[in-house]
Amino acid sequence: MRAKAKRYPKEAARLLRERPSVREAVTGATLHFERNRLRAYGEIDTEAWRERARRVKDHVLTHLDHYLELAEGRLRENGVQVHWAEGPEEAHRLLREVVARHGVRRAVKAKSMLTEELGVNPLLESLGVEVYETDLGEYLIQLLGEPPSHIVGPAIHLTLKEIQELFHGRFGTPPDAPPEALAQVARRVLREAFLTAELGISGANFLVAETGTLALMENEGNIRLSTSLPKVHVAFVGIEKLLPRLQDLALFLPLTARAATGQRLSTFVSLLQGPAREGEEGPEEVHVVLVDHGRTALLADPEAWEVLRCLRCGACLNACPVYRQTGGHPYGYVYSGPIGAVLDPGLLGLEEAYPLPYASTLCGACQEACPVKIPIPRLLLTWRHRAVEEGLAPAWERGAIGAFARVMGSPALYRLLSKALRGLPLPQELQVYLPVLKAWAEGRGPLRPSPRPFHELWKEIKEEARGG
Amino acid sequence: MEARARILARIRKALKERPKALLPELPHHALPADPLDLFLRRLAENGAEGRLLDQEGALALLRELAQGLPGAAYGRGVPEGFRPLPELPPEEAPLGVSWALFAVAETGSVALSSEDGRKAQLLPPTHLVLVERERVYPTLLEAFQDHKALPSALGLHSGPSKSADIGQVMVKGVHGPGRLWVVVLT
Ligand code: SF4
């Protein structure tokens with residue numbers, strides 16, 4: 001996917017202006033997820049679970065070479081073909097081979113953010129392969145030609161009405177068809193795809209090194225079908241997804257489900273060890289592609305590597321008051337919300353993503369929600385600091401902040417200037433003349449100097465207090 | 001250099017100075033004496049229908065579910081005695097019957113092995129799972145400790161297939177079965 005993270009402020013403003021329904025839909029959906037998470041966290045000793053999960057992930061990440069080699073060996077013993085990919089180029093080469101060797105005409109895909117990073121769909125389409133996203137939300141946005149708006153609920157920005165219109169135009173359903181009827185139509189189309197596709201594509205929530213197990217979580221059953229029916233299954237796995245032991249799944253599966261949707265466990269969990277054995281149903285060929293795509297660079301970053309603990313549960317998005325306003329699209333890359341703001345600069349380079357760390361109130365809700373205790377607010381500040389150091393903040397902004405600091409640092413200068421501001425016949429709309437205020441002023445009322453200076457008011461209050 | 005070598009070399013370089021984090025011990029759980037009650041309760045909370053039945057009772061339920069149906073798809077492990085209907089391919093069968101490897105009380109889940117099959121667990125709109133009482137584990141942790149030798153695919157099913165992707169309204173039976181029945185056999 002081509003990143004447009006640089007345009008975040010403009011895109012956010014445009015979305016708020018042009019699609020006000022998004023704010024309502026996203027706020028409703030995220031608040032719903034958030035309530036469910038709080039209830040599910042309330043049932044367990046959350047602090048202990050999160051701390052244990054954090055420690056397991058830190059252990060894996062600080063021994064990543066060991067666990068990757070262990071996992072690779074186990075996968076091979078299980079009959080899986082293991083590949084390594086730096087990024088899209090190698091991933092595409094492998095897919096081209098699979099498509100050619102098996103004469104693939106049709107592929108079914110389970111939702112995976114990594115395949116968004118790698119641009120798997122456009123590649124397959126360019127090879128003449130029909131690709132079906134099989135997660136219902138993902139299928140909706142595929143029909144619309146949009147990228148996902150949320151890590152877990154890709155279509156949460158759409159209202160029922162918009163989906164009714166989409167299906168009316170596409171499949172001729174009544175314009176007011178209820179959700180059940182729409183789901184039935186999608187089920188029919190996708191069932192046909194499952195039964196005829198030669199290739200199934202998925203990501204993975206976890207890869208257990210000790211047993212070579214791919215773990216996938218979902219509620220619909222489309223992942224079970226995509227990884228069971230086609231004769232070839234290709235799974236793209238980020239190298240940070242490893243867990244040491246099978247038993248660690250007993251912590252990570254329920255913890256991720258609670259954080260993401262407030263469930264004790266997702267409805268379907270697939271634990272895949274490899275191709276079908278003698279006499280079994282299932283894929284004849286299974287490929288696992290271990291993908292870097294910027295992860296080793298993040299691992300090497302002593303201040304930012306902790307983002308690699310991320311489980312992609314989406315809890316920080318749901319908790320974020322900034323994300324709730326616009327959903328994921330304005331962030332301009334696969335990962336949005338608080339985790340996107342600290343992951344995207346690492347994956348894309350700060351120059352491509354520097355506005356994202358500013359898309360936060362630093363309220364800390366994201367860190368409290370995070371099942372692996374990623375210190376997101378601290379990482380936001382790290383990236384902001386770097387953006388300033390690297391001169392990525394616009395020059396006039398840096399100049400203005402420098403001037404502001406000088407004025408605020410000198411009481412005499414401050415008094416003189418504030419008096420001037422009040423005394424001079426200034427135009428009503430100050431910000432027209434001060435570009436530094438323009439961005440701030442968009443969506444707010446005009447700025448005016450206070451009629452009386454604060455230090456005078458303060459003196460008065462103190463005197464009143466003394467006198468009264 | 002190939003991708004594998006490059007990636008591993010970069011990881012080693014990145015980790016050279018990094019303090020190593022220890023792997024925490026596995027937690028110890030206080031286990032319920034009999035997980036069965038919890039299992040049936042959690043199943044119900046997940047939107048599935050669970051029953052504790054002897055062989056007779058299980059057959060009666062199966063016949064009741066099968067009323068008016070032309071046939072069913074069966075997992076390989078389902079005993080002869082539990083196949084009251086003619087066998088249909090899973091693509092056409094209105095009912096799938098499976099034999100579970102184990103069940104987990106804590107999450108209200110049944111574990112289904114690829115050795116039993118896969119299509120009968122996924123394609124029919126109603127899914128009935130049989131599990132022996134001794135195979136109900138209190139926690140996921142214990143179940144995994146006992147099942148290190150996994151089949152090629154293991155599915156944990158904890159309720160009917162569902163989605164809220166259309167306007168946040170919960171819809172059942174989206175791709176997989178919209179009804180899940182679990183019979184614990186005494
Ligand atoms: S940062 Fe934490 S809360 Fe956000 S998606 Fe990742 S694991 Fe979930």
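Quick notes on this structure:
- Residues of region A:355-368 that turn out to be of a type in the set (Ser, Thr, Tyr) and at pLDDT 95 or above, as a count: 0
- Test for B:Gln168: is it over 14 Å from B:Leu43 (Cα atoms) and buried (at least 21 other Cβ atoms within 10 Å of the Cβ): no
- Residue count for region B:94-116, restricted to those that are open to solvent by less than 10 Å² (accessible area, probe 1.4 Å) and under 15 Å from B:Pro79 (Cβ atoms): 3
- For region B:125-162, the set of residues classified as open to solvent by 10 Å² or more (accessible area, probe 1.4 Å), at the interface with another protein chain (Cβ under 7 Å from one of its Cβ atoms) and either assigned to a strand (DSSP E or B) or in contact with a Cys (Cβ under 7 Å, 6 or more places away or on another chain) (or both) consists of B:Lys162 only.
- Filtered residue count, region A:289-323, keeping only those that are more than 13 Å from every other protein chain (Cβ to nearest Cβ), closer than 21 Å to A:Glu116 by Cβ and away from the ligand (no atom under 14 Å from the Cβ): 0
- Being over 16 Å from A:Trp305 (Cα atoms), within 16 Å of the ligand (Cβ to nearest atom), within 14 Å of the chain's Cα centre (by Cα) and of a type outside the set (S, T, N, Q) is a description that applies to A:Ala359.
- Selection over region A:240-267 of residues that are more than 30 Å from A:His32 (Cβ to Cβ) and facing chain B (nearest Cβ under 7 Å) gives a count of 3.
- Residue ID - farthest from A:His287 (Cα to Cα), chosen from residues in region B:172-186 that are assigned to a strand (DSSP E or B) and open to solvent by 10 Å² or more (accessible area, probe 1.4 Å): B:Leu185
- The listed residue being among the acidic types (Asp, Glu), closer than 27 Å to A:Leu356 by Cβ and open to solvent by 50 Å² or more (accessible area, probe 1.4 Å), out of A:Glu43, A:Glu86, A:Glu24, A:Glu34: A:Glu24
- Residues in region A:272-295 that are free of Cβ contacts under 8 Å to residues at least 60 places away in the same chain and open to solvent by less than 10 Å² (accessible area, probe 1.4 Å): A:Arg295 alone.
So that you can scan it fast, the table gives a plain yes or no per residue for (1) modelled with pLDDT of 95 or more; (2) under 28 Å from B:Asp165 (Cα atoms); (3) surrounded by fewer than 18 Cβ atoms within 10 Å (Cβ to Cβ):
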residue	(1), (2), (3)
A:Ala48	yes, no, yes
A:Arg52	yes, no, no
A:Glu116	yes, yes, no
A:His150	yes, yes, no
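- Any hit, region A:228-241, residues being open to solvent by 20 Å² or more (accessible area, probe 1.4 Å), closer than 30 Å to B:Glu91 by Cβ and in contact with a helix residue (DSSP H, G or I) (Cβ under 9 Å, 6 or more places away or on another chain): yes
- Residue match in region B:56-63 (condition: more than 9 Å from chain A (Cβ to nearest Cβ), over 25 Å from A:Met217 (Cα atoms) and basic (Lys, Arg)): yes
- Test: residue in region A:342-352 that is open to solvent by 10 Å² or more (accessible area, probe 1.4 Å) and within 14 Å of the ligand (Cβ to nearest atom): yes
- Residue in region A:259-270 that is open to solvent by less than 20 Å² (accessible area, probe 1.4 Å), touching a strand residue (DSSP E or B) at 6+ places or on another chain (Cβ under 9 Å) and within 14 Å of the ligand (Cβ to nearest atom) present: yes
The values are calculated or read from the model by the stated rules, or taken from the named source; none is laboratory data. Remember, predicted model here, so these are calculated numbers, not experimental data. In this analysis, Cβ positions are derived from the backbone assuming ideal geometry, glycine residues included, and neighbour counts consider all displayed protein chains. Just so you know, the surface numbers come from the protein's heavy atoms only, side chains and all, with ligands and any DNA or RNA stripped out. Shrake-Rupley method; radii C 1.70, N 1.55, O 1.52, S 1.80 Å.
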